[in-house]
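**Student:** If you scroll down you'll find the structure; I have some questions about it.
The values are calculated or read from the model by the stated rules, or taken from the named source; none is laboratory data. All values derive from a computational prediction rather than experimental measurement. Cβ: placed from backbone, ideal geometry, glycine included. Neighbour counts: every protein chain shown.
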């Protein structure tokens with residue numbers, strides 16, 4: 001496994017993975033490919049791609065305004081990919097936070113296993 005820069009060639013992978021696992025994200029709104037391209041053109045420098053076997057994208061990790069965005073392709077889940085990405089990313093990104101849905105047990109477990117602690121609850125009507 002290795003983390004590499006988020007070159008433009010990986011933007012379609014992020015788009016499709018984000019749509020595939022959207023139930024795990026706080027913001028589950030649909031977005032178009034054009035909206036994604038606009039977002040990535042502004043934020044791609046804050047993202048990295050996890051490659052397996054030197055060439056197969058397995059997940060992505062990044063930050064937007066200090067908030068972590070992470071997703072692992074279902075084919076590679078439960079194989080340590082998320083933990084590898086998060087621990088590696090934390091080496092160069094100290095002042096970040098994770099917003100996790102209460103029902104997203106896998107993400108809660110991942111972040112807590114990497115040293116994150118619960119600090120706030122956000123309540124909505």
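**Student:** Just to be sure I understand, how many residues within the stretch 84-105 are loosely packed, with under 13 Cβ neighbours inside 10 Å and either under 20 Å from residue 51 (Cα atoms) or in contact with a strand residue (DSSP E or B) (Cβ under 9 Å, 6 or more places away or on another chain) (or both)?
**Tutor:** Of all residues in the stretch 84-105, those loosely packed, with under 13 Cβ neighbours inside 10 Å come to 91-92, 94-95, 102-103, 105.
Then drop every residue that is not either under 20 Å from residue 51 (Cα atoms) or in contact with a strand residue (DSSP E or B) (Cβ under 9 Å, 6 or more places away or on another chain) (or both), which leaves 91-92.
Result for the stretch 84-105: 2.
**Student:** Just one of 72, 81 is surrounded by 14 or more Cβ atoms within 10 Å (Cβ to Cβ), in contact with a helix residue (DSSP H, G or I) (Cβ under 7 Å, 6 or more places away or on another chain) and either free of Cβ contacts under 8 Å to residues at least 12 places away in the same chain or under 16 Å from residue 1 (Cβ atoms) (or both); which is it?
**Tutor:** Checking each option against the conditions leaves just 72.
**Student:** Do you know which residues across the stretch 8-23 are touching a residue at least 40 places away in the same chain (Cβ under 8 Å) and either out of contact with any strand residue (DSSP E or B) (no Cβ under 7 Å at 6 or more places or on another chain) or farther than 13 Å from residue 72 by Cα (or both)?
**Tutor:** Hits for the stretch 8-23 are 10, 20.
**Student:** Going residue by residue through the stretch 99-121, is there one that turns out to be within 11 Å of the chain's Cα centre (by Cα) and free of Cβ contacts under 8 Å to residues at least 40 places away in the same chain?
**Tutor:** No: zero hits.
**Student:** Right, something else. For the stretch 104-124, which positions are under 22 Å from residue 19 (Cα atoms) and touching a helix residue (DSSP H, G or I) at 6+ places or on another chain (Cβ under 9 Å)?
**Tutor:** Passing the criteria: 104, 106, 107, 110, 111.
**Student:** Would the stretch 106-113 turn up any residue that is crowded, with 18+ Cβ neighbours inside 10 Å, touching a strand residue (DSSP E or B) at 6+ places or on another chain (Cβ under 6 Å) and over 14 Å from residue 1 (Cβ atoms)?
**Tutor:** No, because not a single residue in the stretch 106-113 is crowded, with 18+ Cβ neighbours inside 10 Å, touching a strand residue (DSSP E or B) at 6+ places or on another chain (Cβ under 6 Å) and over 14 Å from residue 1 (Cβ atoms).
**Student:** Condition first: without any contact (Cβ under 8 Å) to a residue 12 or more places away in the chain and either under 27 Å from residue 105 (Cα atoms) or within 14 Å of the chain's Cα centre (by Cα) (or both). Now tell me which residues in the stretch 26-56 satisfy that.
**Tutor:** 27, 28, 29, 30, 31, 56
**Student:** Across the stretch 1-16, what is the number of residues that are surrounded by 15 or more Cβ atoms within 10 Å (Cβ to Cβ) and in contact with a helix residue (DSSP H, G or I) (Cβ under 9 Å, 6 or more places away or on another chain)? Please lay out each step first, then the result.
**Tutor:** Restricting attention to the stretch 1-16, the residues satisfying the condition of being surrounded by 15 or more Cβ atoms within 10 Å (Cβ to Cβ) are 1, 3, 6, 10-11, 13-15.
Among the residues that remain, those that are also in contact with a helix residue (DSSP H, G or I) (Cβ under 9 Å, 6 or more places away or on another chain) are: 1, 3, 6, 10-11, 14-15.
Summing the residues that are surrounded by 15 or more Cβ atoms within 10 Å (Cβ to Cβ) and in contact with a helix residue (DSSP H, G or I) (Cβ under 9 Å, 6 or more places away or on another chain) in the stretch 1-16 gives 7.
So that you can scan it fast, the table gives a plain yes or no per residue for (1) at pLDDT below 95; (2) outside any helix (DSSP H, G or I); (3) in contact with a strand residue (DSSP E or B) (Cβ under 7 Å, 6 or more places away or on another chain); (4) surrounded by 12 or more Cβ atoms within 10 Å (Cβ to Cβ):
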| residue | (1), (2), (3), (4) |
| --- | --- |
| 31 | yes, yes, no, yes |
| 35 | yes, no, no, yes |
| 41 | no, no, no, no |
| 45 | no, no, no, no |
| 48 | no, yes, yes, yes |
| 59 | no, yes, yes, yes |
